[in-house]
Each structure stands twice: as C-alpha cells, then as structure tokens.
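A.B. asks: Before anything else, here's the structure in question.
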Amino acid sequence: MLKAFSLAVDADGSLRTTALTAAAEGLPLPVRTSAALGSFDGVHRGHQRVIENAIAAARRLGEASAVICFDPHPQTYFLSRSGDAVTPFRLMSLAQQLRAFEALGVDYALVLRFDEHLSALTAEAFTRIILRDHLHLSHVSCGFDFRFGAKGTGTAEALAGFGAEMDFTTFITACQSDETGHKLSSSAVRDALDSGNPQLAGHVLGRAQAFEGVVTRGDQIGRQIGFPTANIELGDYLRPKYGVYVTRTHLADGRVLGSVTNFGKRPTVGGLSERFETHIFGLDHEIYDQTIEVELLHYIRPEQKFPSFDALKEQIAKDAETAKAYFA
C-alpha cells in the first residue's frame with residue numbers, strides 16, 4: 001500500500017511531516033529512495049513515464065520508489081498571492097493523485113506543502129535542504145520542462161548539476177508524444193476538455209478524466225421530471241465545455257454505473273450558477289453526502305435553451321437514451 005506523507009518546510013529549514021494514508025502512520029520518512037519529482041497534475045501518460053523511470057531506478061538500486069509533488073499546485077499558490085481571480089484548472093484532486101501513484105506501484109508519496117517558505121527557496125537551497133538533507137535521495141527522475149526554486153529559476157539540467165554535487169543521480173525524461181506525434185501533456189488534456197473532446201483527453205491521460213466530489217442537494221428539478229441527479233461541486237477542477245456527456249459513475253459502495261451528465265448554467269430554467277448534474281442509471285436509493293467520482297466518456301451536445309420545460313424534458317430523455325446506447 002502507498003505510504004503518503006505531507007511535508008511542510010519551516011522558515012528555519014526544518015521539516016514537519018504528517019501521515020496522509022493509514023499505511024504511513026507511525027513510520028519515519030524513507031531514506032535513499034529513487035524519486036520522481038514534479039507537479040504531476042493529471043498523472044497523464046507523460047507523467048507516468050517519468051514515474052516509471054524512477055521505479056526502474058529504484059529496482060536497479062534495490063531501494064524504495066517515491067513521488068515528490070506539491071500541494072497546492074504552485075500555479076494556484078502564485079495566482080492566489082497576486083490577488084487575481086484564480087481560474088480553476090486542476091485535473092485531479094490530491095486524493096486522486098495518490099490513488100494514481102499507488103496504481104503505478106509507487107512505494108511512497110511525499111507531498112510538499114507549497115507555501116511562502118517553500119516558494120522562497122532558491123533552486124540550490126531546495127535541492128540541498130529538501131532533496132539531500134531531509135530526504136537523502138539517491139536518484140531523481142523529472143521531466144524535461146521541470147522548473148523549481150524561487151521564481152522558477154531552476155531547470156532540469158540545473159537539478160542534474162546539483163545532483164552531481166550532492167550525491168544523487170538524475171534522469172531527465174524527454175517530451176513524450178503518442179504514435180501520431182500528439183504531445184502527452186497536461187495542457188493537451190485541458191485543451192481537449194475545453195473543446196468538448198473527452199476521448200482525446202482520456203487518450204492523453206491513459207484513462208477517463210474524472211471529477212470527484214460529495215453529492216449535495218440541488219433544487220430537485222430533475223427529480224420532478226423523472227430524472228433525479230447527483231450534484232457535485234467542481235471546486236478547483238478545470239471546467240470542461242458546457243454540455244451533456246455520457247459518463248460513468250463510481251459510487252461510494254464500489255459499484256460503477258453508467259450515467260449521463262449535464263454541465264452548465266441550465267438556461268431553460270433560468271440558472272445563474274454552474275451545475276454538474278449526473279443522472280445515474282439503475283440507482284434506486286439516495287446518495288446525498290456520499291463521495292462519488294464521475295468519468296467523462298463522450299460529448300453528446302452543447303448546452304442550449306429550450307422553448308419550454310416540456311421540450312427540455314423530451315431532450316433529457318433523448319440524451320439518456322443516447323448514453324444508454326453508448327454503453328450497449
């Protein structure tokens with residue numbers, strides 16, 4: 001099982017650790033591991049190659065493997081500090097990241113708290129204090145575009161140079177593309193979701209893009225017309241293109257059911273705020289306050305305003321049939 005820790009750097013360079021998973025309770029931090037280093041938002045196929053390189057080095061050296069990532073995402077931190085509105089852009093929650101790391105066979109996840117103390121460290125100080133003095137790494141795997149240190153001055157090549165001085169080796173993973181030359185990157189996933197192409201997003205990710213959240217009570221309109229929905233707040237998640245999607249929903253009890261999801265402002269009923277509403281096929285009981293995960297599989301149609309409530313109801317029924325036919 002994955003042993004995950006949250007790590008916070010104090011102003012004096014000391015490190016505070018907190019167990020994030022039950023498997024890490026009561027354990028010390030690992031020493032002399034082979035670690036993949038990066039933000040890893042999405043843990044897409046390019047990220048997976050970086051992590052696989054770290055795992056391979058760990059096996060070669062007879063050591064444990066680790067992933068070192070950041071929470072919150074550095075981009076979120078700097079935007080919030082600037083005073084500008086932060087446009088949600090995350091592809092994954094931390095919980096989803098940890099599950100993805102575990103699925104890849106990683107032994108440890110070390111989540112660095114990205115705050116004023118960590119962000120102020122120079123590239124050299126980050127390497128010396130975090131990677132050498134506290135974590136005692138033997139090997140680091142990173143992507144070709146990895147940046148670190150105050151104002152992002154550190155590069156992957158600089159990390160390799162520091163490693164040569166501080167007793168760890170470094171492997172820089174080149175830009176990864178698929179067989180057609182399509183770049184495997186978080187930006188490619190975001191672009192695909194923004195254009196309403198969840199299949200392409202899933203191709204880059206290696207799995208479907210998924211949104212996880214607690215089911216909240218809505219205004220019950222779906223229930224009134226025979227299509228009850230489970231509503232979740234998207235929070236920091238990147239917003240996909242408004243519209244109706246074929247989806248697959250993972251329930252808290254372990255069941256996985258086909259579903260159809262509408263994301264948008266619901267102009268026909270005068271909606272003003274965004275709603276992510278999922279009608280789950282075959283669900284026969286309420287799931288309020290439970291955590292579900294909804295995967296985007298196929299874009300059915302854009303959001304639109306219908307001339308009447310009856311027209312909306314008729315279209316919702318057609319959307320449900322389209323989704324059921326997808327699974328059939």
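Every read-out reported here was derived from the displayed coordinates using simple, explicitly stated rules and does not represent laboratory data. Computed from a predicted structure; not experimentally measured. No Cβ is skipped: glycine too gets one built from the backbone with ideal geometry, and neighbour counts run over all protein chains shown.
A.B. asks: Can you tell me which of 17-26, 302-311, 79-88, 233-242 comes out highest on packing, and rank the rest after it, using the mean Cβ neighbours within 10 Å?
C.D. replies: Ranking the peptides 17-26, 302-311, 79-88, 233-242 by packing returns 233-242, 17-26, 302-311, 79-88.
A.B. asks: What is the ratio of the Cα radius of gyration of the range 189-323 to 2.2 N^0.38 Å, with N the residue count, to two decimals?
C.D. replies: 0.98
A.B. asks: Cα-Cα over 30 Å: which of K3/K324; K183/K265; K265/K324; K265/K318?
C.D. replies: Table pairs above 30 Å Cα-Cα are K3/K324; K183/K265.
A.B. asks: Given springs between every Cα pair under 10 Å in a Gaussian network model of the chain, which of P198, P228, P267 has the largest fluctuation?
C.D. replies: Of P198, P228, P267, the most mobile in the Gaussian network model is P267.
A.B. asks: Give me F101, F281 ranked fewest to most by other Cβ atoms within 10 Å of their Cβ, as a rough exposure proxy.
C.D. replies: F281, F101
A.B. asks: Based on C-alpha coordinates, I'd like the Rg and Dmax of the range 244-328, in Å.
C.D. replies: Computed over the Cα atoms of the range 244-328, radius of gyration and Dmax are 13.2, 40 Å.
A.B. asks: In nm, what is the difference between 0.36 nm times the number of residues separating A311 and R49 and their Cα-Cα distance?
C.D. replies: Contour length minus Cα-Cα distance gives 89.5 nm.
A.B. asks: Multiply the residue separation of H136 and H250 by 0.36 nm, subtract the distance between their alpha-carbon atoms, and state the gained length in nm to one decimal.
C.D. replies: Between H136 and H250, full extension yields 37.2 nm more.
A.B. asks: Taking only the Cα atoms of the chain, how large is their convex hull per residue, in Å³?
C.D. replies: Roughly 151 Å³ of hull volume per residue.
A.B. asks: For the range 85-196, what does the alpha-carbon gyration tensor say about shape, rounded, prolate or oblate, given a ≥ b ≥ c as the root eigenvalues, a/c under 1.5 as rounded, and a/b over b/c as prolate?
C.D. replies: Prolate shape, in that a/c is at least 1.5 and a/b is the bigger ratio.
A.B. asks: Could I ask something else about it? In nm, to one decimal, how far is the modelled label at T87 from the one at C175, with both set 7 Å along Cα→Cβ?
C.D. replies: So the label points at T87 and C175 sit 2.2 nm apart.
A.B. asks: Okay, moving on. Checking understanding here: applying a Kyte-Doolittle mean of at least -1.0 and a length along the axis of at least 20 Å (C-alpha), which whole DSSP H helices in the chain pass?
C.D. replies: 45-61, 309-327
A.B. asks: Taking the Kirkwood radius as the inverse of the mean 1/r across Cα pairs, report the Rg/Rh of the range 74-132.
C.D. replies: Radius of gyration over Kirkwood radius for the range 74-132 works out to 1.04.
A.B. asks: Whole-Å semi-axes of the range 3-173's equivalent ellipsoid, largest first, each the root of 5 times a Cα gyration tensor eigenvalue?
C.D. replies: 22, 19, 17
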